[in-house]
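Working notes, beginning with the structure itself.
Every number here is computed from the coordinates shown, using simple stated rules; none is lab data. Not measured: the values here are computed from a predicted model. Reconstructed Cβ throughout: ideal geometry from the backbone, glycine too, with neighbour counts over all protein chains shown.
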Amino acid sequence: MKLPAVLFSLLQDEAYALLCRESLTGALAKLGQQPGPDTPPPANAFRSAPESGQNLRRRLEQLGPIDFWLKGAVEKALLEYLADTNSEFRCCQDAAEVVRHWEIAAESLHDLALAVAGNARALTEASIPPAVPQESRAPAAGATRNRAEALEKLRASVTALQAGCAGLERIRVQFAQLCAAGADALQLPALPDFRDAAWVNRVAALPAGQASIEIAQCEIETRTFCADGFHRLLAEAKEVREACLEAGQAILDKSRRSLRQHARAHFVRERDLDEVIAELEQHRIAAERGAAGAAPELASPAPAH
């Protein structure tokens with residue numbers, strides 16, 4: 001098994017830290033200080049260990065910060081390793097990122113749909129015949145002009161909404177292609193069938209009464225989307241993103257368990273417990289200072305892997 005030097009060293013440190021904790025916990029159990037693990041530590045894991053309960057507990061306390069550092073460091077190094085070597089893991093990460101792009105782009109739908117609803121309402125109001133004397137033509141001409149302007153604003157807002165939907169559909173297709181080989185066949189939610197510019201042109205040619213009905217229906221549909229459908233879309237997309245991340249996490253967890261077992265079987269040898277804890281502490285401090293640019297060197301040559 002060929003591993004990057006940094007990941008190999010961290011896995012080796014983790015294996016030693018786990019063995020230290022098991023050895024100390026087992027020794028405490030023998031002294032009656034606290035319950036020990038169900039499985040005793042491997043024979044000859046360490047040449048010697050302290051015998052007093054106080055010393056044992058002190059060394060266990062030393063392992064706390066080391067365990068905390070190793071947990072994050074191993075996961076970070078393993079993430080980078082899997083992203084480079086595991087196509088399934090990389091697909092999960094890429095898919096989650098595509099969903100995130102979709103979510104960001106979808107945020108604009110609310111305001112775009114709200115603009116359509118507002119312009120539909122304005123067109124409805126502009127279409128109401130003005131109450132003017134029969135012989136007066138100027139107010140009628142003004143009403144016609146107002147309706148034409150309202151119609152153009154509705155067309156512009158409908159076109160903008162369609163453009164936003166088209167961008168989201170492209171991302172949706174990208175996601176589908178990325179996940180095509182996946183067993184779960186995850187899909188981003190489909191968007192509603194919003195009105196388009198062709199609908200605006202058709203409504204413009206309808207009789208006033210029929211046009212008013214369709215425009216009012218358009219307003220109702222878009223306002224309903226803003227109040228409910230929009231939030232449901234984002235919730236469904238979030239579920240898809242979380243599913244992608246969970247699938248990636250499952251691969252990460254499985255790889256970590258496998259590598260942990262491998263490191264325990266092949267990356268450690270019999271050593272002095274105090275020497276190991278001191279070395280692990282040095283590695284932790286070096287890493288936290290940002291000085292661990294390369295894999296930390298052990299006091300003795302590392303076994304082949």
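Structure values in brief
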{"read-out": "Relative packing of 113-119, 59-65, 69-75, which averages over residues the other C-beta atoms within 10 Å, highest first", "value": "113-119, 69-75, 59-65"}
{"read-out": "Protection proxy ranking, peptides 152-158, 100-106, 79-85, average beta carbon neighbours within 10 Å, highest first", "value": "152-158, 100-106, 79-85"}
{"read-out": "Rounded D (µm²/s) - the stretch 89-253, Kirkwood Rh over Cα pairs, Stokes-Einstein at 4 °C, 1.567 mPa s", "value": "72 µm²/s"}
{"read-out": "Per-residue HN-Hα couplings for the stretch 106-120 [Karplus 6.51, -1.76, 1.60; θ = phi - 60°; Hz; x = Gly/Pro]", "value": "5, 4, 6, 4, 4, 5, 5, 5, 5, 5, 4, 4, x, 6, 5"}
